[in-house]
1. Check G83, G71, G62, G57 and return the single one that is among the small types (G, A, S) and touching a Ser or Thr at 6+ places or on another chain (Cβ under 6 Å).
2. Give the number of residues within the range 114-132 that are closer than 21 Å to R59 by Cβ and open to solvent by 70 Å² or more (accessible area, probe 1.4 Å).
3. Is it the case, given these coordinates, that C53 is under 25 Å from Q26 (Cα atoms), outside any loop (DSSP other than H, G, I, E, B) and not polar (S, T, N, Q)?
4. In the range 1-45, how many residues are touching a Cys at 6+ places or on another chain (Cβ under 7 Å) and among the charged types (D, E, K, R)?
5. Criterion first (among the small types (G, A, S), assigned to a loop (DSSP other than H, G, I, E, B) and either in contact with a Phe, Trp or Tyr (Cβ under 7 Å, 6 or more places away or on another chain) or open to solvent by 50 Å² or more (accessible area, probe 1.4 Å) (or both)) does A68 satisfy it?
6. Do you know which residues across the range 15-48 are open to solvent by less than 70 Å² (accessible area, probe 1.4 Å), within 18 Å of G63 (Cβ to Cβ) and free of Cβ contacts under 8 Å to residues at least 40 places away in the same chain?
7. Based on what the data block shows, is V122 free of Cβ contacts under 8 Å to residues at least 60 places away in the same chain, farther than 18 Å from L15 by Cβ and out of contact with any strand residue (DSSP E or B) (no Cβ under 6 Å at 6 or more places or on another chain)?
8. Quick check on the range 31-41. Is at least one of its residues assigned to a loop (DSSP other than H, G, I, E, B) and either more than 15 Å from Y10 (Cβ to Cβ) or of a type in the set (G, A, S) (or both)?
Amino acid sequence: PHRTPASSPYGGSDLCATCHNDQHQQWADTPHAHALATLVKEKRHMDDSCYYCHTTGARQEGGPQEPAMVGGVRDVQCEACHGPARAHATNSADASLVPDSGTPKKMCTHCHDGDRDGGRFVLEEYYPKVLHGVKK
């Protein structure tokens, strides 16, 4: 499950799905939903230089500070783009999340930087595939 301890500012995508099921289902069909599995398959999931881009909140306050701490924030979940959501989940009026239309593209290029992705990522092609409500 994509769940986190109650003390974490990150809730995990399972928590997001309780109110945003359509968006969760759309995300579940993307490679982001299985990002850590690619590292596990290559036996690199404990690599400090790799886990950062394959998990949510890595090295952020309340996020995993090292690969062994990944737990419920494995993969590139909702909160990787929208920010920590526990406060929003307990109070839907909390406006600290980044809305879909406001997701900065620089969040994508932080990991998909042309070097880490082997130059395969083309922002204009891939960005629309992660937007909610857009058909792939």
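1. G62
2. 2
3. Considered against the rule, which asks whether it is under 25 Å from Q26 (Cα atoms), outside any loop (DSSP other than H, G, I, E, B) and not polar (S, T, N, Q), C53 comes out as no.
4. Adding up the residues that qualify gives 1.
5. Considered against the rule, which asks whether it is among the small types (G, A, S), assigned to a loop (DSSP other than H, G, I, E, B) and either in contact with a Phe, Trp or Tyr (Cβ under 7 Å, 6 or more places away or on another chain) or open to solvent by 50 Å² or more (accessible area, probe 1.4 Å) (or both), A68 comes out as no.
6. Matches in the range 15-48: L36, L39, H45, D47.
7. For V122, the condition - free of Cβ contacts under 8 Å to residues at least 60 places away in the same chain, farther than 18 Å from L15 by Cβ and out of contact with any strand residue (DSSP E or B) (no Cβ under 6 Å at 6 or more places or on another chain) - is met.
8. Checked the range 31-41: no residue is assigned to a loop (DSSP other than H, G, I, E, B) and either more than 15 Å from Y10 (Cβ to Cβ) or of a type in the set (G, A, S) (or both).
The values are calculated or read from the model by the stated rules, or taken from the named source; none is laboratory data. All of these numbers come straight from a predicted model, not from anything done at the bench. All Cβ positions, glycine included, derive from the backbone under ideal geometry; neighbour counts span all protein chains shown. Accessible surface is based on the protein model in full, side chains and every heavy atom, while ligands, DNA and RNA are left aside. Shrake-Rupley method; radii C 1.70, N 1.55, O 1.52, S 1.80 Å.
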